[in-house]
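Trainee: Can you keep this structure in mind? I'll have questions shortly.
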Amino acid sequence: MAGSSTEYIKHHLTNLVFGQHSDGTWGLADSAQEAKEMGFWAINVDSMGWSIALAVIFLGLFKSVANKVTSGVPSGLQNFVEIMIDFIDGTVKDSFHGRNPLIAPLALTIFVWVFLMNAMDLIPVDFIPALFNLFGIHFMKVVPSTDPNITLGMSFSVFALILYYSIKVKGIGGFAGELSLHPFNNKNPLIQVIFIPINLFLEILNLVTKPISLGLRLFGNMYAGEMIFILIALMPFWIQWTLSVPWAIFHILVITLQAFIFMVLTVVYLSMAHEDH
């Protein structure tokens, strides 16, 4: 029983991976060990596919509402989208102190997209994998935010925007000065030169840890939630319903909160990049 439980957990935590086999051919991995041996250039097809599919659903849904928007009595979907946009707009105004028309749409995209990826965790753990198994696909992880490649990919995209706007707003010299002259500063040039290596170490460390913590926070929380659902699925049927329903209700709060935190931290980091002292 312990062995079958272990195999069950490993199976549900294994991605559908496409990469180069040991014989030089390219294709899908047949096992977790083979996926590991494919190396850095392998692609988690399930994580990539579900994240793109959810992005298309988000864009299509909001685009259809925009095309049918009315100034009269709104439909339920239009009303929901308007509430969502007002909420994001208010959050951005509270957190972002610069002027940039990209930030609000970016915040909306991040919140809805991350929420949809997280919400895949509410689907019964065996439902979609069993469906794909009928077509000969043996591995299928359906929650993209439980894959660190996805969460770190998003966070490093945010990091690229932080660097871009830091240089654009402050200039190369201003950004370099921010890294080398803070947090320790002194009017004495000799002492300031001594502080520069310390400042660079602390500021660069602070800068690099932002995207890492941003991505790992989302991954860690969603991975833990997925693991609990998998463990519940190992229990007898009557216990599954007793535990899974309360956990799923609580998990709705978790997936919403994690999407909100990712969005708010992104806006705060970009606000700091726009500050020119």
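The values are calculated or read from the model by the stated rules, or taken from the named source; none is laboratory data. Keep in mind that what you see is a predicted model, and the values were worked out from it rather than measured. Ideal geometry is used to build each Cβ from the backbone, glycine not excepted, and the neighbour counts take in all protein chains shown.
Trainee: Within the stretch 129-138, is there a residue that is farther than 20 Å from Ala233 by Cα, in contact (Cβ under 8 Å) with a residue 24 or more places away in the chain and in contact with an Asp or Glu (Cβ under 7 Å, 6 or more places away or on another chain)?
Mentor: no
Trainee: Please specify each residue of the stretch 16-63 satisfying the condition of being modelled with pLDDT of 85 or more, of a type in the set (S, T, N, Q) and touching a helix residue (DSSP H, G or I) at 6+ places or on another chain (Cβ under 9 Å).
Mentor: Once the filter is applied, which keeps residues that are modelled with pLDDT of 85 or more, of a type in the set (S, T, N, Q) and touching a helix residue (DSSP H, G or I) at 6+ places or on another chain (Cβ under 9 Å), the stretch 16-63 yields Asn44, Ser47, Ser51.
Trainee: Here's something else I'd like to know. Can you tell me which residues in the stretch 90-120 are exposed (fewer than 13 other Cβ atoms within 10 Å of the Cβ) and farther than 25 Å from Ala53 by Cα?
Mentor: Those that are exposed (fewer than 13 other Cβ atoms within 10 Å of the Cβ) and farther than 25 Å from Ala53 by Cα: Gly90, Lys93, Asp94, His97, Arg99, Pro101.
Trainee: Taking the options Ala160, Ala224, Ala176, name whichever one is in a helix (DSSP H, G or I) and either of a type in the set (S, T, N, Q) or at pLDDT below 90 (or both).
Mentor: Of the residues listed, the single one that is in a helix (DSSP H, G or I) and either of a type in the set (S, T, N, Q) or at pLDDT below 90 (or both) is Ala176.
Yes/no per residue for (1) surrounded by 18 or more Cβ atoms within 10 Å (Cβ to Cβ); (2) touching a residue at least 12 places away in the same chain (Cβ under 8 Å); (3) more than 30 Å from Ser47 (Cβ to Cβ):
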{"site": "Met154", "(1), (2), (3)": "yes, yes, no"}
{"site": "Ala160", "(1), (2), (3)": "no, no, no"}
{"site": "Val169", "(1), (2), (3)": "no, yes, yes"}
{"site": "Phe184", "(1), (2), (3)": "no, yes, yes"}
{"site": "Asn188", "(1), (2), (3)": "no, no, yes"}
{"site": "Ile191", "(1), (2), (3)": "no, no, yes"}
{"site": "Ile194", "(1), (2), (3)": "no, no, yes"}
{"site": "Ile198", "(1), (2), (3)": "no, yes, yes"}
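Trainee: Let me ask something else. Suppose we filter Ile232, Ile239 for residues that are among the aliphatic types (A, V, I, L, M), surrounded by fewer than 13 Cβ atoms within 10 Å (Cβ to Cβ) and either in contact with a helix residue (DSSP H, G or I) (Cβ under 9 Å, 6 or more places away or on another chain) or not in a helix (DSSP H, G or I) (or both); which single one remains?
Mentor: Numbers: Ile232 fails: surrounded by fewer than 13 Cβ atoms within 10 Å (Cβ to Cβ).
Step by step, each of Ile232, Ile239 is checked, and only Ile239 is among the aliphatic types (A, V, I, L, M), surrounded by fewer than 13 Cβ atoms within 10 Å (Cβ to Cβ) and either in contact with a helix residue (DSSP H, G or I) (Cβ under 9 Å, 6 or more places away or on another chain) or not in a helix (DSSP H, G or I) (or both).
Trainee: Please verify whether Asn199 is polar (S, T, N, Q), touching a Gly at 6+ places or on another chain (Cβ under 9 Å) and at negative phi, treating the condition exactly as stated. Break it down stepwise before answering.
Mentor: Details: polar (S, T, N, Q): yes; touching a Gly at 6+ places or on another chain (Cβ under 9 Å): no; at negative phi: yes.
When the stated conditions are applied, Asn199 does not pass them.
Trainee: In this structure, does Phe195 turn out to be over 28 Å from His97 (Cα atoms), part of a helix (DSSP H, G or I), of a type outside the set (A, V, I, L, M) and touching a Pro at 6+ places or on another chain (Cβ under 8 Å)?
Mentor: In short, no.
Trainee: Within the stretch 70-89, count every residue that is part of a loop (DSSP other than H, G, I, E, B) and surrounded by 12 or more Cβ atoms within 10 Å (Cβ to Cβ). Reasoning before the result, please.
Mentor: Of the stretch 70-89, the ones part of a loop (DSSP other than H, G, I, E, B) are 70-75.
Going one step further and asking which of them are surrounded by 12 or more Cβ atoms within 10 Å (Cβ to Cβ), we end up with 74-75.
Count: 2.
Trainee: So, of the residues in the stretch 27-56 that are in a helix (DSSP H, G or I) and more than 17 Å from the chain's Cα centre (by Cα), which turns out to be surrounded by the fewest Cβ atoms within 10 Å (Cβ to Cβ)?
Mentor: We begin by selecting, within the stretch 27-56, every residue in a helix (DSSP H, G or I); these are 32-37, 45-56.
Imposing the further condition that a residue be more than 17 Å from the chain's Cα centre (by Cα) reduces the set to 32-37.
Working: Ala32: 15, Gln33: 9, Glu34: 16, Ala35: 20, Lys36: 13, Glu37: 14.
If we take residues in the stretch 27-56 being in a helix (DSSP H, G or I) and more than 17 Å from the chain's Cα centre (by Cα), then Gln33 is surrounded by the fewest Cβ atoms within 10 Å (Cβ to Cβ).
Trainee: Right, another one. From the list Leu54, Leu108, which residue is in contact (Cβ under 8 Å) with a residue 12 or more places away in the chain and within 21 Å of Met140 (Cβ to Cβ)?
Mentor: On the way: Leu108 fails: within 21 Å of Met140 (Cβ to Cβ).
Among Leu54, Leu108, only Leu54 is in contact (Cβ under 8 Å) with a residue 12 or more places away in the chain and within 21 Å of Met140 (Cβ to Cβ).
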